[in-house]
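Comments concern the structure below.
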């Protein structure tokens, strides 16, 4: 069986915002195309540690910029694939990332998605998917936590265990 996918958003997961500027979390500012991003000090270790359990894929509006900047800035693996997004129409009731995720993952491949901006359509989509699906919501002022990384690792292990399935409950 292929490893499950881990779809990784960047803003609000690795690039933090909304924190108290007088007491910022551990990390540093990095310029990305001239725009300052506050990169979490612990995100690289937490996400990089999941590479043996998942196929890591960038799921961010950064698209190809993720692989241009993050491996060098944080020591994350280089050469990760990224999703490319097509703007949804103004009447769309689905989250703007779902069409690209469906095209990449298909309906059956197990996937986990870590993001700070899930909406109701993401949760409905996760429940309706045929393959095991796990949504992990981050606080954009904190980003991915050690507990969330452990949760993802446990989820991947549960998928690999013989005779064990995983529900699609978000």
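At-a-glance table
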| item | result |
| --- | --- |
| Extension gain (nm, one decimal) between residue 161 and residue 85, 0.36 nm per residue minus Cα-Cα | 24.0 nm |
| Nearest-ten-degree value, helix 146-160 long axis tilted from longest Cα axis of the chain | 30 |
| Gaussian network model of the chain, Cα within-10 Å springs - most flexible of 101, 14, 114 | 101 |
| log₁₀ of I(q)/I(0) at q = 0.11 Å⁻¹ - the chain, Debye sum with one point per alpha carbon | -0.44 |
| Antiparallel %, DSSP beta bridges [both residues in the chain], to 5 | 35 |
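Here, each number is a calculation from the coordinates, and none is a lab measurement. Bear in mind the structure is a predicted one, so any value in this text is a computation, not a measurement.
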